[in-house]
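The values are calculated or read from the model by the stated rules, or taken from the named source; none is laboratory data. Quick caveat: nothing in here was measured; it's all calculated off a predicted structure. Positions of Cβ are backbone-derived with ideal geometry, glycine not excepted, and every protein chain shown enters the neighbour counts.
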Amino acid sequence: MILQRYLTRKPKLDASKDLKKIISRLTSTTQTRFENKLDLWYQEYETFINEKSINPSTGKEQYTHRRLMAAYKSLRRNLPYLFTYKNYPDLGIVNTTNALDGGVFTQLKKLTKLHQGVNRSLKTKLIDHYLVNYNKKL
C-alpha cells in the first residue's frame, strides 16, 4: 500500500498516527464516515501539513511534511475508487488485493523472469496471453 510507504509502519508525528488510524478502518467503514473522518483530520492538522520550508540545496519552497501531504492527497484523489467494492456488491469485488499478489502476479513475475532476453513487444504479448488464459482457468 502506497500510504504505508508515505506514513511508515510506526509513524512518529501525531498527524501521521491519526491518519494511519483512519486508514486502518477503511475496510470496515462506509464512504461517508471515512470522508467525514478525513475531513475532520484535515481541519485539525491543516496548518501543520501546509507548513512550508525552503530547501537548502535548491532554494525553493516545499512542504515541510511532504510525505504526509502526499498521503492525504492520494486519499483525496482516490476516494471515489476506494469503496467500489461496496458500491457494487453484485460484482463480488474483494476489499483487498491479496488474491492478486499471491495468485496472478507472482506467477506472472516468474514467467517474465524466465524470458528475460525477450524484447518489449514479445514480452507484452506473453503477458497478454498469460492473462487471457488465466481468466479462462477461473
inquiry  = Regarding segment 24-47, can at least one residue be identified that is over 30 Å from Thr84 (Cα atoms) and assigned to a loop (DSSP other than H, G, I, E, B)?
reply    = no
request  = Could you identify the single residue in Leu19, Leu13, Leu3, Leu26 that is over 27 Å from Tyr88 (Cα atoms), in contact (Cβ under 8 Å) with a residue 24 or more places away in the chain, under 21 Å from the mean Cα position of the chain (by Cα) and surrounded by 13 or more Cβ atoms within 10 Å (Cβ to Cβ)?
outcome  = Leu13
key: Residues within segment 26-45 that are aliphatic (A, V, I, L, M), at pLDDT 90 or above and more than 14 Å from Met69 (Cα to Cα), tallied   = 1
